[in-house]
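Here is the structure we will look at.
What follows is calculated from the coordinates using simple rules that are stated; it is not laboratory data. Note that the structure is predicted; figures quoted are calculated from it, not measured. Note that each Cβ is placed from the backbone with ideal geometry, even for glycine, and that neighbours are counted across all protein chains shown.
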Amino acid sequence: MRVRLDKILKAHEADDADYFRSESGIRDRIKREFLNSEEILEALDDKDFRDTVFDYSVGEPREWRVTPVRTSQRFYIKKHTSSQRPYYHGHDFYEFVFVYKGSCSLYLPEEKSVRRIGKGEAFLTFPGAVHAIGRARAGDVVVKAVIPRKFAYVLGRYCGNESGHIFCKLNADAENYVYKAVEESFAGRKDSERAALDLLELVFIEISRGEDASAARDDNAVTDILYEYLEKNLTEASLKDFAAHAGYCAGYAGRTILRLTGVTFTELVEAKKFEEAKRMLRDTRLSVEEIAAALGYKNASGVYKLFARVLGTTPGRYRESET
């Protein structure tokens, strides 16, 4: 690791240690860094909640009684330090997290298992998305860029009405731009912020180039993941759940499915349910109500409407015609 970068990241560690070693430091930070700080501070009157917030031994993320929403109008890049305890939270800004060394544990509320982000990998969190980042271990070097909406232009194709998280692998050029952006962000020289933002914009250009180069391979991977997901989760399938499962934001997943299949995710699920309903009508003696329940419909009317729309007939008449 570069000597200067090493010194910068050690300074970040020392700065956070000063804040997190006292309750007053944490309270001051809540006041400055959270959009709903008044609600959080009011909730601290509850002893159980207060003990959770100020428990320095926390290793796994906990859901606070009030979901904190971090806020910032200032662009900056900082190390994810070992003093920071994991907790579920959202942002009103974009956050770009890059793993230089070791790994990063990412917890998403809709997923049961933890995601491991390895060396050279990164993810982008969109405003409004909730997650928790695991506590940094010895040897982990993870940097986070806070990107307020007014600077979202640096994200290029990722700037827009997306949601959730985007995961990516950085090439050597993109990694080098990250290192330089950290140095500029910390330097405090004339035009340092502008230089850091320009460097971060180059990072996302490199990420986009990498995605374009591997588009065909990624298309096959997405298709495989999609049909495997539908095979196992047809009853309760949703675009949001599939996107989280595949590691994409919902908007990107939806557009990719439409491009690859020619239909929306909802239309694809409906077609799969229709084929499964036909199979069950042909091969089993289950009632329409039982088939509807097996496919995740609240009642039999969902299956009746499906057959009327696609075949212009009823499930009963279809069964008669096939037997």
Query raised in the report: Given Glu162, Glu121, which one is within 23 Å of Ala174 (Cβ to Cβ) and touching a Cys at 6+ places or on another chain (Cβ under 6 Å)?
Result: Glu162
Query raised in the report: Name the pairs: first residue in the stretch 221-239 and closer than 14 Å to Tyr252 by Cα, second residue small (Gly, Ala, Ser) and surrounded by 16 or more Cβ atoms within 10 Å (Cβ to Cβ), Cβ to Cβ under 6 Å, at least 6 apart or on different chains?
Result: Leu239/Ala250; Leu239/Gly254
Query raised in the report: Across the stretch 272-297, what is the total count of residues that are surrounded by 15 or more Cβ atoms within 10 Å (Cβ to Cβ) and part of a helix (DSSP H, G or I)?
Result: 13
Query - Search result, residues across the stretch 138-181 that are over 17 Å from the mean Cα position of the chain (by Cα), at positive phi and either assigned to a loop (DSSP other than H, G, I, E, B) or of a type in the set (Phe, Trp, Tyr) (or both) - result: Gly139
Report summary line: Conditions (1) closer than 26 Å to His245 by Cα; (2) charged (D, E, K, R); (3) in a helix (DSSP H, G or I) -> Glu184 fails only (1)
Query raised in the report: Here is a list of conditions, (1) more than 12 Å from the chain's Cα centre (by Cα); (2) in a loop (DSSP other than H, G, I, E, B); (3) among the charged types (D, E, K, R), and Glu111 meets all of them except one; can you say which number that is?
Result: (1)
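If you take the residues in the stretch 298-323 that are hydrophobic (A, V, I, L, M, F, W, C) and not in a helix (DSSP H, G or I), which one is farthest from the chain's Cα centre (by Cα)?
Leu311
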Query - Verdict on Thr264 being among the hydroxyl-bearing types (Ser, Thr, Tyr), surrounded by fewer than 15 Cβ atoms within 10 Å (Cβ to Cβ) and over 21 Å from Glu110 (Cα atoms) - result: yes
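The rows are residues; the columns are (1) of a type outside the set (Phe, Trp, Tyr); (2) touching a Ser or Thr at 6+ places or on another chain (Cβ under 9 Å).
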| position | (1), (2) |
| --- | --- |
| Phe242 | no, no |
| His245 | yes, no |
| Ala250 | yes, yes |
| Ala253 | yes, no |
| Ile257 | yes, yes |
| Thr261 | yes, yes |
| Phe265 | no, yes |
| Ala277 | yes, no |
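Yes/no matrix, rows are residues, columns are (1) basic (Lys, Arg); (2) more than 19 Å from Thr67 (Cβ to Cβ); (3) surrounded by fewer than 16 Cβ atoms within 10 Å (Cβ to Cβ):
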residue: His89; (1), (2), (3): no, no, no
residue: Phe96; (1), (2), (3): no, yes, no
residue: Tyr100; (1), (2), (3): no, yes, no
residue: Glu111; (1), (2), (3): no, no, yes
residue: Ile117; (1), (2), (3): no, yes, no
residue: Phe126; (1), (2), (3): no, no, no
residue: Ile133; (1), (2), (3): no, no, no
residue: Ala145; (1), (2), (3): no, yes, no
Report summary line: Exactly one of Leu260, Leu295 is under 29 Å from Glu322 (Cα atoms), in contact (Cβ under 8 Å) with a residue 40 or more places away in the chain and not hydroxyl-bearing (Ser, Thr, Tyr), and that one is Leu295
Query raised in the report: Looking at this structure, is Ala300 touching a residue at least 24 places away in the same chain (Cβ under 8 Å), touching a helix residue (DSSP H, G or I) at 6+ places or on another chain (Cβ under 6 Å) and surrounded by 12 or more Cβ atoms within 10 Å (Cβ to Cβ)?
Result: no
